[in-house]
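One structure is given here, and the rest of the page talks about it.
Nothing in this text is a laboratory measurement; each read-out follows from the coordinates by a stated rule. All values reported here derive from a predicted model rather than from experimental measurement. Cβ coordinates were reconstructed from backbone atoms using ideal geometry, including for glycine residues, and neighbour counts include every protein chain displayed.
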Amino acid sequence: MTSIMTRYVRPKIVRDVRRPGHAGLSFLHPRVNLSYHGGTDFFVPWGIKFAVSFLALIMFFGGSVAAPNAQTTGTGVAPVSQAERQALEAQLKELEVQIDQYESEAENYRKQGSTLKNEIGRLNSQIAKINLKIKSVKLTLTGLDKQIGETKTQIVTTEEQIGDSKTTLANLIREIHVSDEKDLIEIFLERPRISDFFLDVSNNEAIQKNVRAELATIVELKNKLEEKKTQLAIQRADTETARAYQDAQRKEAESTKRTKDSLLSQTKGKESEYQALVVKTKETATQIRSRLFELLGGGELTFEQAYQYAKLAGDTTGIRPAFILAILHRESALGQNVGRCKYNEVSSLTGKSVMHPTRDTPAFLDITKSLGIDPTSITVSCPNKDGTYGGAMGPAQFIPSTWKLYAAKVTGVTGRNPASPWNNADAFVAAALYLKDVGGAKNERTAAAKYYCGGNWNRYVCTNVYGQRVVEQAAAFEDDIRTISG
C-alpha cells in the first residue's frame, strides 16, 4: 500500500530522518576533526585549516532550512492546551457513541424487514447519524487548526534556535581561524611565560569542544525541524481530507432527506404502494453482477468477478468478502487518486525519489526481475502531499518491502509462484492476509485504518473517515452479495 510504516500498508504513503555521520572528516588533523576527543597538538598546515573553515561555513550557512509558509508567525490560532485537547477528545468520543447508536437503530430497522414504517425509521436514523458525523468533523477541524498553528509556532522557534546556534558556531570557527594563523614562534613572543602558552592551548581545546557541542545542537535542531515539518504536512493533509469528508456527508444527508421525502410523496403513506415501489426500483441480481467495480490501485472488474476473488480470499483467511471488496474499492478511499509514477522518477511534489531508495527500490527490482517484467514499464503510486514516499503496486496497493513479506503466503493460497502484486487473485489474497494480521476479523474499522494509514492509523481521519467509510461500503456490498447469492 502506498504508505507502509512499521510494516503497515496504506495507499497514501510515510519517512525517515537519519542523522548524518562524521566519517567524512575523519582524515583531517585531530584539531579540526570534530569527532576527536583528545590531544593537545597545536600546529596545523594552512591548507587544512582553510579547507575545514570553508566546509563548515558551507554546511551550516548554505544549508539553512526555510519555513514551509512565508507567514508562519501570524497564524491567528492559539496553541491548544492539554485541557482543551482532553475536552475535544471527550466530545468526539461522546459523538462517536451517539453515532454508533443511530447506526445500530438503522441496522435494526433493516433487519425487521422491508416495510414503509421501517424504511422511514431507517432513513431518519441515517439522517441523524450523518448530522452528528458532520458535527464531529467540525470539532476535529477545530482541533487540527489549533495543532497546525501550534506546529507553525514551534517551527519558527526551532528555526530561530538554529540561527542562534549558527551565529555561535561562526564566532567559534572565527576564533579558531585567528589562533591558527599564528605560528609557534609568534605565540612564544606574545606569551613570554610558559604558563600563558599552555593556557592558550587549553583555551583552544575548549573552543573546539564548544564547536562540537554547537554542531551537535544544530544537527538535533535540524532533525526536530524536519519532524515538525512532517507533522505539519500530515496535519494539513488530514484537514483537507476531513473538509472533503464533511462536504460529502452534507451531500449524503441532503440526498437521504430527498429520498425520504420522495418516498413519502410516492407512497402517500400506504404500505401497498411502498411494496410495489420496492419491486420496481430494486436492482436485479443480473444488474449487480455486471456492475463495474473500480479497484483501488486502478483497473476495473465486474462486481461478479471481484466478488469471486474476494470470496476465495475470504474463505482462506476468515475475512468477510464484503469487507475485502470495500477495502479494495476506489471509492472507499474517497476517490483518492493513487497516481501514476515510475519507480525511478523524482517527484515534482516532494523533490525526492518516488520510491524509498533503500527500503523499497531493491525489493521492487527483485519482484519485477522474478516476474520477468521491465521495471520501467510498470507504474506505481506517486508520493503524497505529506511528503511520504510512493511506490505502492497493483490493485491492493502494497509497497514492495511489504509485498516481499506476504509473497510466499500468497503463493500458498493461489498456487502462483512467484506471486504477482499486479495479478487480481494474488492482490485480493494479499489484502485479506494483511487484514487478518491486523485484526480484521474482529474490528473492521481499525483494520481498515491500518490498511490505509499504516503506523499512523489512530489519526482521526484514518479511523473515523477512511475506516468508517469502509465499514459503510462493506454493508452496502453485503446487501449486493445477498442479492446475487439468492
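For the pair Ala90 and Arg174, label points projected 7 Å from Cα toward Cβ lie 5.5 nm apart.
Model label points for Thr284 and Val346, set 7 angstrom from Cα along the Cα-to-Cβ axis, are 5.8 nm apart.
The range 237-306: which GluC sites (Glu not before Pro) are DSSP loop and have at most 14 other beta-carbon atoms within 10 angstrom? For GluC sites (Glu not before Pro) across the range 237-306 that sit outside H, G, I, E and B with at most 14 neighbouring Cβ atoms in 10 Å, the list reads Glu283. The slack in the chain from Glu226 to Gln82, taken as 0.36 nm per residue of separation less the alpha-carbon distance, amounts to 49.5 nm. Ordered by the count of other Cβ atoms within 10 Å of each Cβ, fewest first, Ile130, Ile120 give Ile120, Ile130.
Expressed as a whole number of Å, what is the distance separating the alpha-carbon centroids of the range 337-366 and the range 413-435? First find each Cα centre; the distance between them is then 22 Å. Neighbour counts of C-beta atoms inside 10 Å place Trp403, Trp457, Trp422 in the sequence Trp422, Trp457, Trp403, starting with the fewest. Once a ≥ b ≥ c are taken as the square roots of the eigenvalues of the Cα gyration tensor of the range 283-485, is the result rounded (a/c under 1.5), prolate (a/b larger than b/c) or oblate (a/b not larger than b/c)? Because a/c hits 1.5 or more and a/b exceeds b/c, the range 283-485 counts as prolate. For the range 458-486, backbone nitrogen atoms closer than 20 Å to the point 7 Å from Ser262 Cα along Cα-to-C-beta are found at 476-477, 480. This ranking places Cys382, Cys341 by how few other beta-carbon atoms lie within 10 Å of each, fewest first, which gives Cys341, Cys382. With K and R counted +1 and D and E -1, the other residues having a Cβ less than 12 Å from that of Gly439 yield a net charge of +2. With a cut-off of 15 Å on the backbone N, the residues of the range 94-130 near the modelled label site 7 Å out from Leu277 along Cα-Cβ are 114-124.
Checking the cross-link pairs Lys146/Lys166; Lys117/Lys280; Lys133/Lys257; Lys93/Lys229; Lys93/Lys129 against a 21 Å limit on the alpha carbon distance flags Lys146/Lys166; Lys93/Lys229 as lying beyond it. For the range 383-471, a simple Cβ point-charge model (Lys and Arg +1, Asp and Glu -1, everything else neutral) yields a dipole of about 120 debye relative to the Cα centre. With the simple spin-label model, which puts each label point 7 Å out from Cα in the Cβ direction, the Ala476 to Leu292 separation comes to 1.6 nm. For the pair Ser255 and Gln101 in one chain, pulling the backbone fully straight at 0.36 nm per residue adds 53.3 nm over the alpha carbon distance. For the range 213-270, a Kirkwood hydrodynamic radius built from all Cα pairs, placed in the Stokes-Einstein relation at 4 °C and 1.567 mPa s, yields a translational diffusion coefficient of 83 µm²/s.
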